[in-house]
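Here the structure comes first, spelled out in C-alpha cells, and everything after it is commentary.
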Amino acid sequence: METLKIGQFTITVIDDGIGHLPPSMYPGSVPADFDGVTDQHGTVTIRAGAFLVEGPHGTVLVDAGAGVMALPFPDAMTQADELESPPDHLMKSGRLPESLRDAGVEPTAIDAVLITHLHSDHVGWIMTGHRPTFGSAIVYYPELDWPTLVDAADPADPGRIVLEHAAEAGILRPYPSADAEILPGIRAVTVPGHTPGSVVVELASEGQKLWFTGDLIELPAQLQHDRIHFATDADRGAAGEARTRLLREAREGGVVIVASHLMAPTFRLIGADGDWVDAAAVGR
C-alpha cells in the first residue's frame with residue numbers, strides 16, 4: 001500500500017480495482033508513447049480507487065472509486081485496436097471498503113469526500129444502494145458537472161443513479177467557489193477541460209504541496225507531449241492548456257503530482273531532466 005507524507009498530511013493509495021484501456025483511448029498518441037506502459041494484452045492498465053488523506057483537521061477521501069463493477073472489454077475496441085489477446089474486462093472493481101480497512105480506517109470514519117469530477121468511476125462508492133457508504137461525511141462535488149454528467153445522462157447510468165441517491169440522502173455539497181479551502185491546508189481549484197467542472201485538489205503543509213489532478217493526466221507520456229489527449233475529455237483544448245500549465249508549475253515548484261489512474265509510482269515529481277521521478281523514493 002503506497003503512502004506519502006506531505007507536511008502534516010499522510011496520503012494512502014486506496015485501491016478499488018483495475019481497468020484496461022486500448023491505445024485508441026489516447027488521441028494524438030503514437031506507438032512510442034506506450035513503451036513500458038502496455039501490458040500483455042496490448043492495453044494500458046489503469047487503477048480505479050481513491051486517496052485517503054489523514055491530517056490534523058480530519059480524515060478525507062479524494063474521489064470515491066468505481067463501485068462494484070465488472071464491465072466486459074468491448075469487441076469494438078478489440079477490433080479497432082487489432083488486439084490479439086484482449087483482456088476480459090474494461091474495468092473490474094469493488095474493493096474500496098476493504099482497502100480502506102486494510103489502511104486502518106473504517107468507511108464511516110471519513111469526515112469529507114472531495115470529488116474531482118462526476119464520471120462514474122470516481123463516484124461509485126458514495127452510496128451503497130440507498131445508504132451513504134461514508135456515514136455522515138459531506139461529499140463535495142463540482143456543480144458545473146451536474147447538467148451534462150447527471151441530468152443529461154442515461155437514467156440507467158451507474159454514476160447518475162449513485163449521485164441521485166446521494167442527493168436524496170442529503171450528503172452532497174457543491175464546492176463553494178472556484179478556489180475553495182475545504183479544510184486547513186486542503187483546497188479545491190476548478191480546472192475545466194476533462195469535464196466542465198473538474199477540480200484539482202491541493203494539499204499544502206510545512207512548505208510542501210501535492211496536487212490530485214483527477215483525470216487531467218492519463219498517460220505518463222503526456223508529461224513530454226502535449227499532443228496526447230484522452231478520449232473522454234469534454235474540451236481537449238482546455239484540458240491540454242491546463243495540463244501544460246500545471247505540469248510547468250509543478251516542475252518549478254516541486255509539487256507532487258497524483259493522477260487518478262496512473263499505476264505505481266502513484267506519487268510523482270518532475271525531475272531536473274524533465275522526466276517523472278518517484279516522489280516516495282526521494283524521501284518526500
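The values are calculated or read from the model by the stated rules, or taken from the named source; none is laboratory data. Keep in mind it's a predicted model, so treat the numbers as computed, not measured. All Cβ positions, even for glycine, are placed from backbone atoms using ideal geometry, and neighbour counts span all protein chains on display.
Just a few scattered comments:
- All of I257, I228 fail the test of being among the β-branched types (V, I, T), at pLDDT 95 or above and either over 27 Å from D145 (Cα atoms) or touching a Leu at 6+ places or on another chain (Cβ under 7 Å) (or both), apart from I228.
- Hits in segment 52-84 - residues which are of a type in the set (D, E) and farther than 28 Å from A166 by Cβ: D75, D81, E82, E84
- Number of the exception - A272 against (1) modelled with pLDDT of 95 or more; (2) at negative phi; (3) surrounded by fewer than 21 Cβ atoms within 10 Å (Cβ to Cβ): (1)
- Total residues in segment 96-135, condition of a type in the set (S, T, N, Q), farther than 16 Å from V68 by Cα and either touching a Phe, Trp or Tyr at 6+ places or on another chain (Cβ under 6 Å) or surrounded by fewer than 24 Cβ atoms within 10 Å (Cβ to Cβ) (or both): 1
- Hey, G36 farther than 30 Å from L183 by Cβ and at pLDDT below 95 or not: yes
- Segments classed as strands (runs of 3 or more DSSP E), wholly inside segment 1-59, with at least 1 members that are among the small types (G, A, S) and under 24 Å from G254 (Cα atoms): 44-55
- In segment 170-203, residue nearest to T133 (Cα to Cα) [restricted to those that are surrounded by fewer than 19 Cβ atoms within 10 Å (Cβ to Cβ) and in contact with a His (Cβ under 7 Å, 6 or more places away or on another chain)]: L183
- Long-range neighbours under 6 Å by Cβ, at least six apart or interchain, first residue under 18 Å from H261 (Cα atoms) within segment 31-42, second among the hydrophobic types (A, V, I, L, M, F, W, C) and part of a helix (DSSP H, G or I): D33/A221
- Of all residues in segment 118-140, those that are assigned to a strand (DSSP E or B), β-branched (V, I, T) and closer than 15 Å to L172 by Cβ total 2.
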